[in-house]
Every structure is written in structure tokens, then in C-alpha cells.
2 protein chains.
Amino acid sequence: MQTAGEKLTALRRLMKERDIDLYIVPSSDPHLSEYIPDYWRIIPWLTGFTGSAGTVFITDIFAGLWTDSRYFIQAVNQLKDSGIILMNSVLSTRNDYTDWISLTLNSGDKLALDGRIFSVELTRKIENSLADKKVLFDFNCDLISGLWVDRPSLPFSLAFDHSVMFSGKERSVKMAEVREQMKRSGAEYHFLTSPDDIMWLLNIRGNDLKYSPLLISYALVGEEQILLFIEESKIPLKLASEFDRLGIVMLPYEETAGMLSTLISGSSVLINPVTTSTTLYDSFPPGMKIIEDLTIPARLKAIKNSTEIENISGAMIKDGVALTKFFFWLESNTDKADLSELILQEKLNAFRSEGENYLGPSFSAIVAYKENGALPHYSVTAESDKIIGKAEILLIDSGGQYLDGTTDITRTVSMGRQSEQQKRDFTLVLKGTINLALARFPAGTKGYQLDLLARKALWENGLNYGHGTGHGVGFCLNVHEGPQSIGPSPGTESRTVIEPGMLISDEPAIYRKGEYGIRIENLILCIEDTETEFGKFHKFQTVSLCYIDKSLIDISLLDKREIGWLNSYHTEVYEKLSPSLNPDEKKWLKSKTSSITPPSPLKGGTSRNI
Amino acid sequence: MQTAGEKLTALRRLMKERDIDLYIVPSSDPHLSEYIPDYWRIIPWLTGFTGSAGTVFITDIFAGLWTDSRYFIQAVNQLKDSGIILMNSVLSTRNDYTDWISLTLNSGDKLALDGRIFSVELTRKIENSLADKKVLFDFNCDLISGLWVDRPSLPFSLAFDHSVMFSGKERSVKMAEVREQMKRSGAEYHFLTSPDDIMWLLNIRGNDLKYSPLLISYALVGEEQILLFIEESKIPLKLASEFDRLGIVMLPYEETAGMLSTLISGSSVLINPVTTSTTLYDSFPPGMKIIEDLTIPARLKAIKNSTEIENISGAMIKDGVALTKFFFWLESNTDKADLSELILQEKLNAFRSEGENYLGPSFSAIVAYKENGALPHYSVTAESDKIIGKAEILLIDSGGQYLDGTTDITRTVSMGRQSEQQKRDFTLVLKGTINLALARFPAGTKGYQLDLLARKALWENGLNYGHGTGHGVGFCLNVHEGPQSIGPSPGTESRTVIEPGMLISDEPAIYRKGEYGIRIENLILCIEDTETEFGKFHKFQTVSLCYIDKSLIDISLLDKREIGWLNSYHTEVYEKLSPSLNPDEKKWLKSKTSSITPPSPLKGGTSRNI
């Protein structure tokens, strides 16, 4: 096996042969997906760094990695002796490396990259940052394939029909809806690059990726036909003949670019520049009218239909039952010395597996004890694995993929003692979770407008968290699936109007470095509320079902409305989950979900001033 | 006097001579200011429409006005028989006319406008909207001067020194600060087009405009000199010699463009494209390095220094005393049959005039009785003037310019009866005013992040208001003065970080069409709060001083914290204002500011559930 240093030397040799001054390697695949197949995990192979996000820059005398703050410590360790340095610790920019590129390159220099795994949006940004220099670009430069001898193959899994019982809408109906919207956008073609868009449109699923039930594919939707670019043997005969009937034509995945280049110049195509690779974008013939926007499936699938909503309610019960059984098991087994984060992660998945139509975890569950919880994106490894003690705080963020929905939930529980600070922190986070869940807002409100609701109680106490508050969630698709989100910056996602039918997470937090992390996350569904002379108003319905650890609540910090929410939520949790529990579990959940009451005013409670 | 029709005919004759297919007339002046001199009020002269915002489009067969919703009714009335139609009622776009232009013009057509009164940002937008057509542009086209016979002259007023006792900082110090920041931005020159920037920098004021104490001028700040483009006789000898000593060179206002064209090509200049006219922008020699950003004075003057903050406190007392005397007088005179909105407007200004260092109103005061209050930007005229009755709601939004600060305050009072709906509406608006005032937020928070605080109580009750929540306020300068603002959209202004020293308005509202309007506005000053392991936090201090009408409050809707705020605010109002009141006024204010207490729990108050 080659060392990172040897690989770098080989790569630089190729760069020299081609007169390349800067070569860029991203952590992305040709679909710009969140979870990428091993085939495309070039950075771990090249550098040893295994974080999920990063970009490597190589010149003849320098090699550096940009990543974000959650991976700084890991990167420093993994890059040791690789000859590659961590760049964010050198420059204090926030993962924005275009400034660095424009400082580094001079007129006449040549920048090369593999345009198959760079979005056209990103290469444009790179070009713009170099607009005032005469830099040469080679966006068709794959230097890796020739060097990576033992490269994993692309994943293979079989497609299966995602029944209309789950999806609530026939594929033919979805196809008609998409085509109607294409007409309105003036698009003769709609090129889909995100597998989730394609799975949704065709009512199929697969198992090509670890956490999302997707098949690697592209699709070109035309007025009469859909060209589906996919390894043909992935589609079973029965599906294939159904596809045939609907005008869905299968073509080899590798022929996507070639096919795009044969489109009639002057025709119009709708694409999303954030998820379309530079190579595929450049495949369109000159004179093609390219309309850039979110894809139509992305907008349509974000609004769950009534069948999906009903299915989600059912999935939430299964998921809540698994969590309840898990936490009951955990409390009954705390005396075992060998309970560790890794063991809990497996055990939780085992409980979920008992649920009907379970496909697997929707992401790598975070099971983080004590100070490990202070790392927002902590992922337990054999090295970091912690024995679960009987005193401190345990944070578990996990989710499942079911045929009837995707879940994502975080609970923070005390394993024994609760300090005053822990209770205060937990209660302030809980206030955030509750107040966002209780939001009522006019139609047209965007995600960034609601972010404050989750932070207000924290801000008032000099606390905050460094990530967004909520992400969109797919339906038996990606656990992180926009376009909607709730966060402090008005980026593309949190600028999306929150509409009835949208599912979104509600997850404020506190991270105390070296001490513990607290996060309370539920999924909330936007529903209609009321209509007045001031217009339509919407609200949320909390759909995740699992008790919230009362031992960590300081009741004096909650107001009447918040207490009301908690008690009625706990009543609902018990009513919906208890039918699937055994008597011991039931009794235990009953006490976990019993009502809380504010301190009596006659005894001098702290929440009143008269 | 020519009719609108005759003027239009004459204008079309000129358009024909020059082959112009579309001529655009804006409601702006060469400084892109909010309040513009009569000399530049072309639209009222041309069309009869007197609203402060609008754009007129003229082709050979069509003439249309775009304006915003607050002026729709007025425009329909004033445009009657003018041959000009109101366009926003035809197209349903929000004052964005570039779409219309690009639909209307064809390749080969010629679009003309007077680039002296169009920002370079706006002409760029127009050019971009026509990018795919070969339209000819003439941005140096003044067709009005030749037609407007009795055009008013440009205003003339004398400059006066704005003492360092008020401004807190010598002009020489400000000049050094600006030059230091110019160096950091890499700008050899800084071209200032906004009179408020220039007044602030040079510590002078004047009286060229109705509501802002400004002198019409431009300034080019260089490393050694400042070229001040102004009618020279506006500067008294003593100031002129002080200017001379500091390297401030006066040049005729009309020579600005000519002077800019003589700058050395290749040198760098910092400008704000939003306030720089197309003509002046185009005057820079080719090869000039133009840096575009907010101006340095705009950023610096938004953060009030400690002297300014102390002065503002004093101005608020004078302003509050005037308002208190006014409302006392009003309550003592409600039996007079002839009290009308216009009379109240004058009377209020008379009370303000008694204050030391008062210069005049900071904008045209809104005095709106009953349904007039439902028009957010209502301005009383002889025609709309309403007799003040003894029952309904009266909204008064007014402010003053003092040498020691600029004020802006809205109070809504009941003239007699209060319906349940009015009390509920008033209290929900008050909750908004209070909750924004009570905000605590981390350093780096932007205006759009705080907007929700003012709306939350309204949204929860199916209510809302259609304007922003807060605007920046100048110091003896413009009453609307950014860059900071608080509003629901993350535009340039509400994307500005709210920093300690910034003064901003806090003005949620409810408008019930045909019934009444309620708005409660205070100015709030951002100050430092605390620093924790999560960073620095800021908060606001309410600086406006005037009682809030308790007869309109439904106490059961206020929580403990809100009641606490109101009582302590009223205590402060009384303590600070009463020393300047006569015994009758004092007694009256005492009762207006007495504490409110929530209903007793033992008697079954509505705000508790136990």
C-alpha cells in the first residue's frame, strides 16, 4: 500500500506532465450528494483524512486540506506525516477557499479539476474569483483514476417499487405534474441529477448508499419520454416493463454526457446548478437555453401529501416504540460495566429493526456520553468510544429509514446526577424546542424568520449554538432534504417559504466544551392554522414521539404555555406508544410521561411576582 | 399654466426629435435622498401626482406611473384626466418595473433618461433586464429643463458649525478616521454623494431641505485634501477659513462631474453605487479603480459616540416634555369642536419649538384619527383633514430635529371609548414594542433576526403589519438613516449587524382598514450586555420618553415581564419629564404613568391555570 506521501508524489508527477499548477480534489460525487459511495471517497484514499467534508489543494510545493470546524481535531491527527496541512487553522476563513486560490494563482498558471464532481455553481465561483487574472482552466482533468489501483467499484443494488400505498401518488401522476410545471417554466427538458428527485418521481427505491435508499442515476424528463440513466440490471423485469409502458427509457449511466450532447441546440432545459456537475453542464450543446432553478421534484416532494403524512404518523409510532424500548432497556442495564457508545448505537438499531418496513438507520447515529456530546457532529469510533457511566449526560441523535417515512430525533438524558447548570441548560434548550413547535406565522414566512424562536431563551441567558435550527426531511429518502430549513442566515434554504406539508427538524442545543452537550430534536410538520383579514396563517404539529427526560427540567424556568405543551405532548406520547409496549415498559413510560405542575404560588413559587 | 396633457405632448415632441422610444422620469434628486428639493420634483410638475415615490414611463402612445401601495388611492385621484395611468394596479408587481421595460422594448429601440438622477445601481438593473436585446441607451438625456418654465430654483441656506459639544468629535478627527479606513480599503479617494455623510464628516449643518438639516453638496475625500462641491456663498467666512486650514477646498457644485473626470486614471475611488448617480459615475476617467461599498461615514455615523448618546438622552427629555404638554393640552381641549388633524399637527410642532436647540420637525408628522390611522404613511392634507372626535383612536407619529439629536415617536391614544378589539389590538402591538426592546442577542446578530420579536404576539393572533419594524436614525441628520434596520426581509439594511451605539426605531403596528390604526414606536439604542463563554451579547435601551395610554391596555394579555417593563418605563418617563412640567401637567402625568398590576390570582385572574 502506498503512503500518502507516495500518492502525492505520483500525483505531482502527473500534474507536471500536464503543466498543472493547482489541482483540486473535493469530497463529492457526480450527484453532489450528502452521502457518497466509496468509489468517490478520494480524499480518504489520498490523504488519510476520513471526515465527510473537505477539499484538498495541491501545488508543486504545497498540499493543504480545507474542512470545517467539526473536523479540525480529527484532521490534525489523521494528516500527521501525510505532507498535507490543515488550512483552516492557517487562514481564518470559513471554508471559503476561493480567496486563497485567487491569492495563490498568477496569470498564466493552470488550475485543473475533475469537472464530473464539481457543481457548475462551484466552478463558476472559482472562475469568478480569478476573473481579473489570465488563469488557464482544465475542468476535465481526472488524475486520480490512473493512480488509485484498488479503487472500490460503484455500488450495485436492485431497484424496488415504492408502493403507492406509501407514496400516495402514482408515478404517472407525478410525471404529469412535473411536465405541467415544466411547461410553465418554459422548459422542454428537465435534467435531474439528484437520485432522490428521481426515486420520488418514479416511485422506486434502492440500496446503493448507506443511509439513503437511493439508486445512483440521472434522468432527463422530456415531454413524451423520460431517459433514465442507470445500470440497467438494477431494474427488475417487472419494473422495467412498467417503465416501458410509461415511456421511461433506460440508458447506460455512463452515456449521460454523450446523450445530453445530442439534444437539439435551441431547445430549453431546466437544471439546478448546485447539483449539476460541470462536466454534464458542459455537455449540453451550444445554443441550448438553460434555465437554472431548484428542480421541480425538489419543490414537489418537500410538500408531503396526505397519504405520506398519515404514513409518517405511523412511522413515528414505530420509531418512538423503538426508542422507548431502548431507553427502558438502558435504564434497566446501567449496572453493566461494558455499556459503551458503540454498543448503544448497535442496540438502538436492533430495536428499530423490529419495526415493520424498517430499512436501516437514516444516518450514523450519534451516541455521545459526557464531553463527547459537546461535539455537535460527533460520530463514535472504536478510538473515541466511551463507557457509559451512571452520572452524566447522554445525548442520542438517531433516525431510521422506513418505507413509510424517515425519522430523525434527538433525546438527551441524565444517567444519574443532574447539576443545577445542566438542568438550567436543558430547560432553556427545551424552551427553544417548544417555542418553535408552538409558532404561528403568516403564509409566506421563511425559515430564517422563525429561527429566533428556538434561540430566544438561550440568548437571554448568554447562551447560543453554532448550527442551524432545522433541516427539511425526506419521505423514505434523505434525512437532510431541503429546500426548506430554519436557520439564522438567509441562505437559499432558509429563504424557502415554509408551507403546509413540509417536514422539518426543530433542534436547538447547548454545547459546553469538555463537559456535555444537550440537544432536543423533534420533527415538526407545517399545517394550516387560520385565515383572518390579515391573510392565511400556519403552524406546526410535532410528529416525533418520545418522552423528554423530566429529571433534567427546572420547572421554575417554564411558563404556563410551555408546561401545557410538555404535558399534552407527554400524554400523546403515552397514548400512542403504550399499546405496543409490554407491561413493564408501559408502567415505566407512564411515569416518564406523567404531568409536571408548576410550584404552588401559595408556597412562594419563583415564577410569579405578586 | 400648461396642463399635464400639454406637457406630455411637448415631451413627446422632444422624444420624437431624438428618436427616443421610452423616457423614464424618477422621483429622485442627484443625491438619491429621501427628501428632495422642489427643483427636482419633476413628477408633480409633469403629472399632478404629489406622492413622494414613483416613476413615470412615457412612450409615443403610452404614459404610466409606478408607485407603491400607500399612494394608490391618491394617484388614481391626482392622475384623473392627465393622460397618465397608474401601472401597479394593472400589473401585479411590487414597484419593480424592470420586467415591464423588458417586455415593452424591442431590439433597436432607444431608452433615454437623465442619468443625473438615477443611481448607477438602478441603471445597471435596467441594462441587465435588457441584456438579451439590442436596446440603445441614452443616459444623458434631460428633456425636462427645456420644458419646465417656472421651475423652482435650487435651495439656498447658510452652513453653520455643528459644535463638538453636540457631535462629540472634531472634524479633523473624523477626517483622520475616514482616511485611515480608506487606506484599509485600498481607496485613494472616497467620493461622498449623500449630504448627511458630508455634514457628519465636516461637523456642519444647513437648511436646504425641509426635514433634514442638510446642505446640498458633494465631497471628494483625498489623502491630503477634501474637495467640497457646494455653492460657495453657503459657507460663512469663519467656517471657510477653518476649512482652509484643514485642507478642505471649496469648488462650485456644478463642477463636480468635470472635476471627477480629471482624476488620474488608475487611481482608486470608493463609492456607494446606491447613492451615486449614473452621470457622476460615468465621469470617472476610464481605468479608474472603482471600489463599491457603503460609504465610510455611513458606517461610522451609525455608531453614536458617547457625547452623542448623552445628547440624545437630553433631546429625548425635551421631546417627551413637548409630547406630554401636547397630550395634556389635547385632553383638556377635546370639547373644542374645531380640533382637527391639521390643527394638532401645528400645535405639536409649537410645543416642540419651545425646546432648546429645536430646528423643526424631522418629517411630516402623521396625525391620523380613526380610519385615517389605517393608512401607514398617511399625511394629512386640507382635503383629508378630520375633526378629532371624542371616541375613537388617534395615532400620532412625529419627530423633531434638535442640534443634540433627532427624534421619532409614535403614540396611539384613545379619545374616549375603547372597544374590546381595540384594547386587544393595542396590547398585542405593545407586546411587540416591549419584546423587541427586551431583546438580548449575541454580537453579530442582524436586523432581520430580531424582527420576529415585534411580530410574535400579533402572529399568534392572526394579525400582522405590512412594513418593516425599525429603521436607523441619524444624529441631527436624517430621521431614516441606515445602514441598520429591523425587518422581515434580509435586504442590505436588515443584513447589517446591530452594534452597540446604533439607534433604531421599534414600531410594530396593526392597521384595520376603514377602522383605525395602532402603532407604538420608541427609539431603542443598542448597548453592551454581557460576555460569556458563548461570546459577547448585546441588548437595547429604550430612549424615547412618553407615556403609553393605559386605557387601551388589556392587562390580562401581558405577562409578568411585560408588566415589569411597562411599570419601570413609566416610572422613568415620570422621573425624567416631570421636572419640566407645571403642577397640573405633573399631576396628570403621574396618573398616566401609575403602575398597573395584574388581576389577583385569588380573584380568578385570567392569566393563570392553577
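The values are calculated or read from the model by the stated rules, or taken from the named source; none is laboratory data. Source: prediction; values computed, not measured. Every residue, glycine among them, receives a Cβ derived from its backbone with ideal geometry; neighbour counts consider all protein chains shown. Note: accessible area is taken over every heavy atom of the protein model, side chains too, but ligands, DNA and RNA are not part of it. Shrake-Rupley method; radii C 1.70, N 1.55, O 1.52, S 1.80 Å.
Of the whole protein surface, A:SER129 contributes about 30 Å² of accessible area at a 1.4 Å probe radius. How far is helix B:171-185 tilted off the main Cα axis of chain B, in degrees rounded to 10, range 0 to 90? It is inclined by approximately 70 degrees. With the whole protein complex present, B:CYS526 retains an accessible surface near 0 Å², based on a 1.4 Å probe. For region A:16-158, with equal point scatterers placed on the C-alpha atoms only and solvent neglected, what are the log10 I(q)/I(0) values from the Debye formula at q = 0.20 1/Å, to two decimals? Cα-only, vacuum Debye calculation for region A:16-158: -1.40. Extents of region A:142-239, taken as max minus min of Cα coordinates on every principal axis and listed largest first, are 47, 32, 24 Å.
Carbon-plus-sulfur accessible fraction, region B:455-531 (probe radius 1.4 Å, protein heavy atoms only): 45%.
Which of B:LYS110/B:LYS133; B:LYS16/B:LYS80; A:LYS431/B:LYS539 have a Cα-Cα distance over 18 Å? Where the Cα-Cα span goes over 18 Å, the pairs concerned are B:LYS16/B:LYS80; A:LYS431/B:LYS539. Nearest-to-axis residue in chain B, judged by Cβ distance to the rotation axis that brings B onto A and given in whole Å, is B:PRO490, 2.
Determine, at each q value in 0.19, 0.25 (inverse angstroms), the log₁₀ of I(q)/I(0) that the Debye formula gives when each Cα of region A:119-166 is one equal point scatterer. Log-scaled intensity ratios, in q order: -0.82, -0.99.
Normalising by residue count, region A:271-416 has a Cα convex hull of 151 Å³ per residue.
Taking only the C-alpha atoms of region A:258-306, the Rg (one decimal) and the largest Cα-Cα distance, Dmax (whole number), read 13.0, 43 Å. Evaluated over the Cα positions of region A:427-544, the convex hull gives a direction-averaged projected area, one quarter of its surface, of 7.7 nm². If we count every other residue with Cβ under 15 angstrom of A:ASP244's Cβ, Lys/Arg +1 and Asp/Glu -1, where does the sum land? Once all neighbours under 15 Å are counted, the net charge is -1. Across region B:20-177, C-alpha contacts under 8 Å between residues 6 or more apart give a mean separation that, scaled by the residue count, equals a relative contact order of 24 percent.
Evaluating kT/(6 pi eta Rh) at 4 °C and 1.567 mPa s, with the Kirkwood radius of the protein assembly as shown over Cα pairs in the Stokes-Einstein relation, gives 38 µm² s⁻¹. Computed from point charges on the beta carbon alone (+1 for Lys and Arg, -1 for Asp and Glu), the dipole magnitude for the protein assembly as shown about its Cα centre is near 2840 Debye.
A Stokes-Einstein calculation at 20 °C with viscosity 1.002 mPa s, built on the Kirkwood radius of region B:204-338 over Cα pairs, returns a diffusion coefficient of 115 µm²/s. Seen from a random direction on average, the alpha-carbon convex hull of region B:397-462 projects onto 6.8 square nanometres. Normalising by residue count, region B:76-191 has a Cα convex hull of 256 Å³ per residue.
Inverting the pair-averaged 1/r between distinct Cα atoms of chain B gives 26.1 Å as its Kirkwood hydrodynamic radius.
Shielding of peptide B:452-465 by partners, expressed as the average count of other chain Cβ atoms within 10 Å per residue Cβ, is 6. Computed with every protein chain present, the accessible area of A:MET165 is close to 120 Å² [probe 1.4 Å]. Per-residue mean of foreign Cβ neighbours for A:559-566 is 2 (Cβ atoms of other chains, 10 Å radius). Per residue of chain B, the DSSP helices (runs of n ≥ 4 H) give a summed -39500 (n - 2.57) that works out to -10000 deg cm²/dmol at 222 nm. In nanometers and ordered shortest first, the copy-to-copy spacing of the B:GLY314 label point, defined 7 Å from Cα toward Cβ, is 7.5. Every Cα-Cα pair of region A:229-290 was included, and the share exceeding 13 Å stands at 68 percent.
The largest-to-smallest principal axis extents of the Cα set in region A:492-610 are 47, 44, 39 Å. The calculated P(r) of region B:1-57, using every Cα pair and 5 Å bins from 0, goes 4, 17, 26, 22, 18, 11, 1 in percent. Using θ = phi - 60° in the Karplus curve 6.51 cos²θ - 1.76 cosθ + 1.60, the 3J(HN,Hα) couplings for region B:389-405 round to x, 10, 10, 8, 8, 10, 10, 10, 10, 8, x, x, 9, 10, 4, 9, x Hz; x is entered for Gly and Pro. Ordering B:TYR358, B:LEU375, B:LEU436 by the projection of their Cα atoms onto the charge dipole of region B:326-443, which places +1 on the Cβ of Lys and Arg and -1 on the Cβ of Asp and Glu, puts B:LEU436 at the extreme positive end. Sorting B:ASP81, B:ASP335 by accessible area puts them as B:ASP81, B:ASP335; the probe is 1.4 Å, largest comes first, and only protein heavy atoms count. For region A:50-159, the list of trypsin sites (Lys or Arg not before Pro) that fall in a loop by DSSP and count at most 14 other C-beta atoms within 10 angstrom reads A:LYS80, A:ARG94, A:LYS133, A:LYS134.
Taking trypsin sites (Lys or Arg not before Pro) across region A:495-551, the ones in a DSSP loop with at most 12 further Cβ atoms lying within 10 angstrom of their Cβ are A:LYS513. Express the carbon and sulfur contribution to the solvent-accessible surface of region B:236-337 as a percent, rounded to the nearest whole number, probe 1.4 angstrom. Reported share for carbon and sulfur atoms: 59 percent. In region A:27-179, what percentage of the DSSP-assigned beta bridges are antiparallel, given to the nearest 5? Of those bridges, close to 50 percent are antiparallel.
For the set B:LEU436, B:LEU158, B:LEU342, solvent exposure ranked by accessible area (probe 1.4 Å, protein chains only) runs largest to smallest as B:LEU158, B:LEU342, B:LEU436. Just tell me the longest site-free run in chain B, where the sites are chymotrypsin sites (Phe, Trp or Tyr not before Pro) in a DSSP loop having at most 13 other beta-carbon atoms within 10 Å. Result for the longest clean stretch: B:157-610. Note: region A:433-474, Cα convex hull, 89 Å³ per residue. Multiplying each eigenvalue of the alpha-carbon gyration tensor of region B:298-370 by 5 and taking the square root yields semi-axes of 30, 14, 10 Å, largest first, rounded to whole angstroms. For the residues B:ARG171, A:ARG561, a 1.4 Å probe over the protein chains yields an accessible-area ranking, largest first, of A:ARG561, B:ARG171.
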